[in-house]
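To keep things clear, I will list the structure first and then write my remarks on it.
The values are calculated or read from the model by the stated rules, or taken from the named source; none is laboratory data. Because the structure is a prediction, the values reported are computed rather than measured. When we count neighbours, we look across all protein chains shown, and the Cβ atoms used for this are built from the backbone with ideal geometry, even at glycine. Calculation scope for accessible area: heavy atoms of the full protein, side chains included, ligands and nucleic acids excluded. Shrake-Rupley method; radii C 1.70, N 1.55, O 1.52, S 1.80 Å.
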Amino acid sequence: MPTVSVGRDRLFESLGCTYTDEEFDELCFQFGIELDDITTEKAIQRKEKHLEEEGVEDDGETIYKIEVPANRYDLLCLEGLAQALRIFNGLDPIPTYKVANIGKESMLEMCVKTETSKIRPYVVCAVLRGVTFDEAKYNSFIELQDRLHQNICRRRTLVAIGTHDLDTIEGPFTYEALPPAEINFVPLKQTRNFRADELMEFYKSDLKLKKFLHIIENSPVYPVIYDCKRTVLSLPPIINGAHSAISLKTKNVFIECTATDLTKANIVLNTMVTMFSMYCERKFEVEPVKVTYPDGKSYVCPDLSIYNMNVPLSYITGIIGVQLPEDKVASLLHKMQLRAEKSVSEDKEVKFVVSVPPTRSDVLHPCDVAEDVAIAYGYNEIPKRKPASLNPLPLSQFSDLIRTEIAMTGYTEVLTWILCSKKEIFSMLNREEDNSAVTIADSRTSEFEVVRPSLMPGLLRTVGHNKDHPKPIKIFEVGDIVLLDDTNDVGAVNRRHLAALYCGANSGFELIHGLVDKIMEATGTNFVSPGNSTGYYIEKSEEPAFLQGRQASVIYGGKRIGTFGIVHPKVLKEYDIPDVCSFLELDMQSCL
């Protein structure tokens, strides 16, 4: 959950009200956010520098650290927080954001070149006219960019924001992708020209910017934005140009967001312009920009339109568990910045047409609307009640039954990782490596490369780590394995398996065999002669993880549902187990 640091005094000034710390904490709770910490600017600086506390009474401005939901991008700055809380308290109406009504021929234009498709194919833009900055507003503007970069922008990999003083540049603008050696400009906070490839080397020692270099460093072309005079605005997602840097004197701000994800780019742009259009000469009005792509298609952004969602009253009250009158629900939604108009369908069902503003990109489904009603109503006001009884799934009931039966025979249940290495499921089990396992893409470690297709590696690893434990060791596990399945829409399927392992001075083969009979008896399955599909029987098996001639397959309903036997000495050596072991694994779902 993101934490937003705001000055208490400026926040209270924006709210038009002063609170004690306890009162503000309660207000945050009512709104669905949390006052995480109360500190001071000097205390934060001391903590960052690992300095000891100083016995000074005046420690500077009080800072509130407020934890907000990860998808509420409109709450990542003081302006958004104050506006949302004022509406929640009934002090302000819900603002109406609008795009300035100007013709396309009068709009600024951003032309996108074909080469950008190789690296960052999308760009969206907007203009804030007549902005009035002071130091606090300017700092908040910059901080919002940083918080968006860390949050929805995924450290600039998905979206990068550039802000520019429009009075220092001139449209139309072009968004291009060029070889690094062809890009030359003075970057922000520098005084000399750099080629783009030189800039990559220069910023490798910069603590803030070096973590973004990998995004474009190895690309043959770098994205770059020019104005009509070939002045570089920015080298996204790394740095802006010094020429168009904004300052306290800036009156007109040009905002561009380059991206690999167009949806997120639009959300980021909408967040930036809606939060700071309150400081424009024409409050809550944003000037659009035309973006033209190489195929000739052009789009006007930002899109600040409101979209409507039909939500039945019964759906809202059913989720919350409280019967609320129609007017009350509409009032609660208004507190959460959602306009709601009542309508009645032909079958007399009461519905709300909920208008979702561009600031609320988190509202995607009627359940989000119901959640906002619950927050505004107050979670503490919802009466406690016991939920209606739920019947467990048959597979879960069966799993619990089997667990109980095996535990009563003296086995201890263990839980092991569902991820493992390729080595554990192939070479360590005396098997040839193939493509039969579900592989994890871009695995961070060789220990967790694949999803287990068997419970055997986990139990053997458990015994290997506990080989000094008094013998015999009798353990079991009931859990899911994952197998490839082309008939499934996700290409894989989960299967519930049971595995048991006996480790002691002798093999315990007869005990594992007896456990098979015990489990099948518990399921009401009889032992039958080979070929009879009405019960289960065993037949010779050739699994490389077991000793030849000391293993068998369990056949049920004409299908092989498992294997048991004495574990091969090579396998025991791989897991550093000095004692002989017998192992059983069954597909439990085949018994249902």
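Brief remarks on what is shown
- In the stretch 566-585, residue nearest to L498 (Cα to Cα) [restricted to those that are β-branched (V, I, T) and outside any strand (DSSP E or B)]: V571
- Count of the stretch 82-124 residues, restricted to those that are assigned to a helix (DSSP H, G or I) and either of a type outside the set (A, V, I, L, M) or surrounded by fewer than 17 Cβ atoms within 10 Å (Cβ to Cβ) (or both), is 11.
- Taking residues in the stretch 492-504 that are in contact (Cβ under 8 Å) with a residue 60 or more places away in the chain and over 18 Å from M520 (Cα atoms), and partners anywhere that are part of a strand (DSSP E or B) and polar (S, T, N, Q), the pairs with Cβ atoms closer than 8 Å and at least 6 places apart or on different chains are Y502/S582.
- All positions within the stretch 369-409 that are charged (D, E, K, R) and either touching a residue at least 24 places away in the same chain (Cβ under 8 Å) or part of a helix (DSSP H, G or I) (or both): E371, D372, E381, R385, D400, R403, E405
- The number of residues in the stretch 448-466 being charged (D, E, K, R) and assigned to a helix (DSSP H, G or I) comes to 1.
- Residue satisfying condition, being more than 16 Å from L586 (Cβ to Cβ) and open to solvent by 20 Å² or more (accessible area, probe 1.4 Å), within set V482, V414, V463: V414
- Qualifying residue in the stretch 376-394 (condition: among the aliphatic types (A, V, I, L, M), under 25 Å from the mean Cα position of the chain (by Cα) and open to solvent by less than 60 Å² (accessible area, probe 1.4 Å)): no
- Residue within the stretch 159-169 that is in a helix (DSSP H, G or I), within 33 Å of the chain's Cα centre (by Cα) and among the aliphatic types (A, V, I, L, M) present: no
- Restricting the stretch 351-365 to residues that are open to solvent by 30 Å² or more (accessible area, probe 1.4 Å) and not hydroxyl-bearing (S, T, Y), the residue that is farthest from the chain's Cα centre (by Cα): K351
- Residues that are surrounded by fewer than 19 Cβ atoms within 10 Å (Cβ to Cβ), assigned to a loop (DSSP other than H, G, I, E, B) and either in contact with a Lys or Arg (Cβ under 9 Å, 6 or more places away or on another chain) or among the small types (G, A, S) (or both) within the stretch 173-213 comprise just one, V186.
- Residue that is nearest to the chain's Cα centre (by Cα), among those in the stretch 125-156 that are open to solvent by less than 50 Å² (accessible area, probe 1.4 Å) and among the polar types (S, T, N, Q): N151
- Selection status of V478, over 19 Å from S421 (Cβ atoms), modelled with pLDDT under 90 and of a type in the set (A, V, I, L, M, F, W, C): no
- Hits in the stretch 527-547 (condition: surrounded by 13 or more Cβ atoms within 10 Å (Cβ to Cβ) and either polar (S, T, N, Q) or in a strand (DSSP E or B) (or both)): F527, N532, Y536, Y537, I538, S541, F546, L547
- Scanning the stretch 548-565 for residues that are open to solvent by 20 Å² or more (accessible area, probe 1.4 Å) and in a strand (DSSP E or B) returns Q548, G549, R550, Y556, K559, R560.
- Yes/no for S399 being surrounded by 13 or more Cβ atoms within 10 Å (Cβ to Cβ), of a type in the set (G, A, S) and under 30 Å from F31 (Cα atoms): no
- C367 passes every criterion in (1) hydrophobic (A, V, I, L, M, F, W, C); (2) touching a Cys at 6+ places or on another chain (Cβ under 8 Å); (3) outside the structural domain of I161 (by TED's automatic domain parsing) apart from (2).
- For the stretch 558-580, the criterion of being farther than 30 Å from P470 by Cα, in the same structural domain as E521 (by TED's automatic domain parsing) and of a type in the set (D, E) is met by none of the residues.
- The single condition among (1) at pLDDT below 90; (2) in contact with a helix residue (DSSP H, G or I) (Cβ under 7 Å, 6 or more places away or on another chain); (3) not β-branched (V, I, T) that L81 does not satisfy is (1).
- Hey, F276 among the aromatic types (F, W, Y) and touching an Asp or Glu at 6+ places or on another chain (Cβ under 8 Å) or not: yes
- Restricting attention to the stretch 571-592, the residues that are polar (S, T, N, Q) and within 13 Å of V516 (Cβ to Cβ) total 1.
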